[in-house]
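Everything below concerns the one structure shown next.
The values are calculated or read from the model by the stated rules, or taken from the named source; none is laboratory data. Remember, it's a predicted structure, so these values are computed and weren't measured experimentally. Heads up, the Cβs are rebuilt from the backbone with ideal geometry, glycines too, and the neighbour counts pull from every protein chain shown.
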Amino acid sequence: MKRVWALDELTELFPGAAERHARHLCTRHVSGEGRWIKESGTRRLFGHVRLHFEPAEVITVHLEHEWPTTLSTAEIDALDMAVLRGVSESPSAPPRFLYGYRLVIDAIEYRAGETTPMTVTLAASLAAQDALKRGGWDGVPDDAA
C-alpha cells in the first residue's frame, strides 16, 4: 500500500472528501489522539490512533505508523484504507474544512482479535477531531475559501 496520499487521490477513493469549503489554514504542528473501545458480552473491540498536522503547501496524508509483522498484506491494506477513510469521510474530516497541511498518521495501536478496520476508522476520525479542537488553525472568510 502507498505510504503518501495526495488530496486528489483521497477524493477519488472517498468522493465525500471532495465537497470541501476550506476555511482554516494550518499554522503550526498540532497533534490528535483517538481511542474507540466497545465491549459487548465477551467481545471487545479496540482502536487507537495518534496523528499530527503540520503546515504544508500541498495537502497530503502520510502513513508513518507500523503494523505487527504477523499481519498479512491484505490485513494491512484493509487497516490502512480504514485509517484513510477515518480522516477523509467523517463529518469533520480534515479535507473538508482545512487547507495548507500535511497530515501524518504517527501510530496505530493494534490488538489481535480486537482491532478491526471499523475500529481504526472510528479512532482515526476521533483523532482528527481531537486535533481540530487543539488550535493551530487560522480562519478565512467564507467568500475567500
How many residues does the stretch 44-69 hold that are surrounded by fewer than 19 Cβ atoms within 10 Å (Cβ to Cβ), in contact with a Lys or Arg (Cβ under 9 Å, 6 or more places away or on another chain), at pLDDT 95 or above and assigned to a loop (DSSP other than H, G, I, E, B)? 1
Tally time: how many residues in the stretch 14-43 are touching a Leu at 6+ places or on another chain (Cβ under 9 Å), over 19 Å from D130 (Cβ atoms) and at pLDDT 85 or above? 1
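Residues that are at pLDDT 95 or above, out of contact with any Leu (no Cβ under 8 Å at 6 or more places or on another chain) and either part of a helix (DSSP H, G or I) or buried (at least 22 other Cβ atoms within 10 Å of the Cβ) (or both): does the stretch 86-101 have at least one?
Within the stretch 86-101, the first condition is being at pLDDT 95 or above, and the residues that meet it are none.
No, that holds for no residue.
Output the residue which, of all residues in the stretch 38-78 that are of a type in the set (K, R) and farther than 28 Å from L98 by Cα, is farthest from the chain's Cα centre (by Cα).
Residues of the stretch 38-78 that are of a type in the set (K, R), as a first pass: 38, 43-44, 50.
So of that shortlist, the ones also farther than 28 Å from L98 by Cα come out as 38, 43-44.
Numbers: K38: 20, R43: 25, R44: 22 Å.
Only one residue tops the list, namely R43.
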